[in-house]
Every structure is written in C-alpha cells, then in structure tokens.
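Trainee: Quick one: structure below, then a few questions.
What follows is calculated from the coordinates using simple rules that are stated; it is not laboratory data. Just so it is clear, the model here is predicted, and its values are computed rather than measured. All Cβ positions, glycine included, derive from the backbone under ideal geometry; neighbour counts span all protein chains shown.
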Amino acid sequence: VLSEGSESHGEMDFKGYNPNGNLSLEGKIRKGARDGKWTFYYKNGGIKTVENYDNGVESGPYQSFYKNGAVNIDGTFKNGEWDGIYKKYFQNGKLETEEIVVNGKAEEDAYSYLSNGTLLVHYYYKNGDEYKWQSFYFPDGRLDYEYYMDIAHMNKYLVYDTSGHVASRFDNPTGTAT
C-alpha cells in the first residue's frame, strides 16, 4: 500500500508510504486541499518537514529538519508567504540566518552567521530591499566593509583595514553612477 485515507464529511486523513513501507507523509485533506498540519518524513522515518495549511495554502508554523533530527528551518507562513521571524540553522544547531519577514519580504534587521556562531553579515531591509547600513565581517569578527543603501541606490561604501580603520571610502550622496 503506497497511500491510504479515511474520508468522513468531506475530510480525509491521508497517509502516504515509501516503497520500503515507512510513512512518507500524513495530513488532512478537506474539500480536495491540504488543511491543517502535514508531516513529511525521510525514508528512514525521521521527520523532514512539518507544515500547516489553510484550504491548500501554507499558513502557520513551518519547520524542516536535517536527517540527524536537528532543526534546519523554523518559521511561519501566512497566505503562502513567509511571515514573521525566519531562522535557518546549521546541522550543528548554530544559527545560520535570522530575519524578520512580512508578507514574503525581508524587513528590518537580518543576520547571517558562520557555523561557529560568529556574525558574518548584518543586513537591514525595508519592503524587501536593502536599506541603511549593510555590514560584512571577517571570520574573526572584525568589520570588513559596509555600505549604506537609500532605497535602490548606494550612498556610501567603506572598506576597513585590519586594525578597524577606514582604508577606503566611496561617497555618492545622490546615488548616481560614477
């Protein structure tokens, strides 16, 4: 059996199986569409993703996992778009990326890290576009370079030397190409 379901009043509890007999997915179908919590499994039986649906559209908590069981992605969907705090992790459990998403677009502060936990990039977004200072770091944590965005154009670009002082600078207050 590769799938099974029991239907009652337009709702069906559905289960799908891998050829090896292990459960591959399970969830509820209502009026022909996924509804509520759906869980997807690796062939070895470990949980791959847990998703939530509202009338066939992803809405609610979402989690994906590595084969070792560690969390890969933790976030929330609203009307089929990422919405809320989005976090992605390395297999060692350390945070890789964290950002705020509203209606599928990055907003405000976002961070990317190395697998040892060191900050690599600090972004700032407005309506999904880079805005204000964007800062990039060396693996040892020292500031490498940064630039300032003012909605679709770069105003400033700074590069730092090994002692943390500005080594070169580009100023473009009008945002025009030079």
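Trainee: If one computes the Cα centroid of region 116-135 and of region 1-71, what distance in Å separates the two points?
Mentor: Using only Cα atoms to place each centre, the spacing works out to 34 Å.
Trainee: Another question about this same structure. Give me the number: length gained by fully extending residue 23 to residue 129, i.e. 0.36 nm times residue separation minus the C-alpha to C-alpha distance, one decimal in nm.
Mentor: 34.0 nm
Trainee: Could I ask something else about it? Check cross-link reach from residue 28 to the lysines: straight Cα distance under 22 Å, and skip same-chain residues fewer than eight apart.
Mentor: By straight Cα distance, residue 28 reaches 15, 37, 43, 48, 78.
Trainee: Let's test the formula: R0 of 45 Å, r as the Cβ-Cβ distance of residue 155 and residue 118. What FRET efficiency results, to the nearest 0.05?
Mentor: The calculated FRET efficiency here is 0.95.
Trainee: For Rg and Dmax of the Cα atoms in Å, which listed value, [x] 22.6, 85; [y] 22.1, 70; [z] 16.0, 50, comes from the coordinates shown?
Mentor: Checked against the structure: label [y].
Trainee: Residue 145 versus residue 109, label points 7 Å from Cα toward the beta carbon: distance in nm?
Mentor: Between residue 145 and residue 109, the label points sit 2.5 nm apart.
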